[in-house]
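*Asks:* Structure below; questions to follow.
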Amino acid sequence: MEDLDSVDLHLLEALQRDAALSNQDLAQVLGISPATCLRRTRRLREAGLIERRVALLNTDALARRLGHGLTAVVEITLDRQGDDQARAFEARVIADAAVQQCYRVTPGPDFVLIIRVRDMPAYADLAQRLFSGDANVRNVKAFFSIHRAKFSPVEPLPMP
């Protein structure tokens, strides 16, 4: 795919903010024709720049109905940090639905995970399943969120 122009960047920005906009509304927001908007959106999707469209849930509203749940930021240090061992650990944790985000980091721990579970017993089960049962996990350091001040899935884009 050739370089991104200002229309592409504005289109990506608009879709990050509200992917539910119809093609017609999106074209109007960008000041381009619906045909151009549709063609460019398809091209961006085919190029892999648009990975998927999802619904972002209102966690506060959901918490009033289901309970608040527990968010943990977990640092993991492996005993053996070879690429094969890191890949094996990564594959195992990303397969678990409670692991929302997984980062391989340096320096410091080998991984940082963002985990969302119903409550502390559910976290204990997850820790046993993913960490305690893995002989290669040397250290686990968990931080439990008491307040989320900001969450944004928007990728900052250079705007011309």
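*Asks:* Of all residues in the range 10-29, how many are assigned to a helix (DSSP H, G or I) and closer than 27 Å to L57 by Cβ? Give the derivation first.
*Replies:* So in the range 10-29, the residues assigned to a helix (DSSP H, G or I) come out as 10-17, 23-29.
Add one more test, that the residue is closer than 27 Å to L57 by Cβ, and what stays is 10-17, 23-26, 29.
Of the residues in that region, 13 qualify.
*Asks:* Turning to a different aspect of this structure: What number of residues in the range 73-89 are closer than 13 Å to D134 by Cα and surrounded by fewer than 16 Cβ atoms within 10 Å (Cβ to Cβ)?
*Replies:* Taking the range 73-89 and keeping what is closer than 13 Å to D134 by Cα, we get 76-80, 85-86, 88-89.
Now drop any that are not surrounded by fewer than 16 Cβ atoms within 10 Å (Cβ to Cβ), which leaves 77, 79-80, 85, 88.
Residues flagged as closer than 13 Å to D134 by Cα and surrounded by fewer than 16 Cβ atoms within 10 Å (Cβ to Cβ) within the range 73-89 amount to 5.
*Asks:* Next question. Among the residues of the range 31-65, count how many are under 26 Å from F151 (Cβ atoms), in a helix (DSSP H, G or I) and modelled with pLDDT of 95 or more.
*Replies:* Filtering the range 31-65 down to residues under 26 Å from F151 (Cβ atoms) leaves 41, 44-45, 48-65.
Cutting the leftovers down to in a helix (DSSP H, G or I) gives us 41, 44-45, 59-65.
Now drop any that are not modelled with pLDDT of 95 or more, which leaves 41, 44-45.
Final tally of qualifying residues: 3.
*Asks:* Could you tell me how many of the residues in the range 119-149 are polar (S, T, N, Q) and part of a helix (DSSP H, G or I)? Talk me through it step by step, then tell me what you get.
*Replies:* Quick first cut of the range 119-149, residues polar (S, T, N, Q) only: 128, 132, 136, 139, 145.
From what is left, the residues that are part of a helix (DSSP H, G or I) are 128, 132.
Residues that pass the stated criteria total 2.
*Asks:* Which one of these does P158 not meet: (1) closer than 29 Å to R17 by Cβ; (2) modelled with pLDDT under 90?
*Replies:* Only one criterion in (1) closer than 29 Å to R17 by Cβ; (2) modelled with pLDDT under 90 is unmet by P158, namely (2).
*Asks:* Only one of these is of a type in the set (D, E) and without any contact (Cβ under 8 Å) to a residue 24 or more places away in the chain: D96, D79, D125. Name it.
*Replies:* Values: D96 fails: without any contact (Cβ under 8 Å) to a residue 24 or more places away in the chain; D79 fails: without any contact (Cβ under 8 Å) to a residue 24 or more places away in the chain.
Just one listed residue meets the conditions, D125.
*Asks:* Still on this model: Going through the range 90-118 one residue at a time, which ones are loosely packed, with under 15 Cβ neighbours inside 10 Å, in a helix (DSSP H, G or I) and not small (G, A, S)?
*Replies:* Those that are loosely packed, with under 15 Cβ neighbours inside 10 Å, in a helix (DSSP H, G or I) and not small (G, A, S): R92, I94.
The values are calculated or read from the model by the stated rules, or taken from the named source; none is laboratory data. Owing to the predicted nature of the structure, the values given are computational and were not obtained by experimental measurement. In this analysis, Cβ positions are derived from the backbone assuming ideal geometry, glycine residues included, and neighbour counts consider all displayed protein chains.
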